[in-house]
1. Against the definition (open to solvent by less than 40 Å² (accessible area, probe 1.4 Å), under 17 Å from Glu15 (Cα atoms) and part of a helix (DSSP H, G or I)), how does Ala82 come out, yes or no?
2. Can you report the number of residues in the range 17-33 which are in a loop (DSSP other than H, G, I, E, B), in contact (Cβ under 8 Å) with a residue 40 or more places away in the chain and not hydroxyl-bearing (Ser, Thr, Tyr)?
3. Considering only the range 22-32, state which residues are of a type in the set (A, V, I, L, M, F, W, C) and open to solvent by less than 40 Å² (accessible area, probe 1.4 Å).
4. Pick from the range 8-21 the residues that are touching a Phe, Trp or Tyr at 6+ places or on another chain (Cβ under 8 Å) and open to solvent by less than 80 Å² (accessible area, probe 1.4 Å): which of them is nearest to Arg48 (Cα to Cα)?
5. Restricting the search to the range 109-119, which residues are open to solvent by 20 Å² or more (accessible area, probe 1.4 Å), part of a loop (DSSP other than H, G, I, E, B) and at negative phi?
6. Based on this model, can you work out whether Gly42 counts as open to solvent by less than 10 Å² (accessible area, probe 1.4 Å), out of contact with any Phe, Trp or Tyr (no Cβ under 6 Å at 6 or more places or on another chain) and part of a strand (DSSP E or B)?
7. Can you pull out every residue in the range 85-108 that is outside any loop (DSSP other than H, G, I, E, B) and without any contact (Cβ under 8 Å) to a residue 24 or more places away in the chain?
8. So if I check each of Asp104, Asp55, which one is over 19 Å from Leu123 (Cβ atoms) and in contact with a strand residue (DSSP E or B) (Cβ under 7 Å, 6 or more places away or on another chain)?
Amino acid sequence: MERRDKYNYYLDIAETVLERGTCLRRNYGAIIVKNDEIISTGYTGAPRGRANCCDIGYCTRKKLNIPRGQNYEKCRSVHAEANCIISASRRDMLGSTLYLVGRDMDTGELVHNASSCTMCKRLIINAGIRKVVIRDSEDLFRTIEVQDWIDGDDSLDDTMGY
């Protein structure tokens, strides 16, 4: 029996976490790991006390045909990364790794070329997380050094507009 590598082991756990997600469009699962200990988990879902998309029966972004990466203010959900960060203390997250897996709810397939949104990138930077590992397939993943997001500051892109 071949032992599962550690990256995919943690990505498998994040993929299990996403099954708690309540979005009708795309669900993500995230876990933060430091020194081989899981610090926290998070999945996509409405803020506590508010109805989830799966409860009301529709996704506003899907209904309005809003493309991926745009108009997040129209989304009911708190992103998996944000929920994961909210559940941990900063001192525990310093130098940690966030593992992220996304699933398209229409196809059941992993989200192709998944990435954290601009707001979640900001949260990850401020949390002191060192790297993000994102699943691309059952066995393949990408590792992103958070320092690259700091150095490539996308908030300086004046074409973003508000």
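1. Here the answer is yes, as Ala82 does meet what is asked.
2. 4
3. Those that are of a type in the set (A, V, I, L, M, F, W, C) and open to solvent by less than 40 Å² (accessible area, probe 1.4 Å): Cys23, Ala30, Ile31, Ile32.
4. Gly21
5. Answer for the range 109-119, where residues must be open to solvent by 20 Å² or more (accessible area, probe 1.4 Å), part of a loop (DSSP other than H, G, I, E, B) and at negative phi: Glu109, His112, Ser115.
6. yes
7. Arg91 - this is the single residue of the range 85-108 that is outside any loop (DSSP other than H, G, I, E, B) and without any contact (Cβ under 8 Å) to a residue 24 or more places away in the chain.
8. Asp104
The values are calculated or read from the model by the stated rules, or taken from the named source; none is laboratory data. Please read all numbers here as calculations on a predicted model, not as lab measurements. No Cβ is skipped: glycine too gets one built from the backbone with ideal geometry, and neighbour counts run over all protein chains shown. Keep in mind that these areas ignore ligands, DNA and RNA; they rest on the heavy atoms of the full protein, side chains included. Shrake-Rupley method; radii C 1.70, N 1.55, O 1.52, S 1.80 Å.
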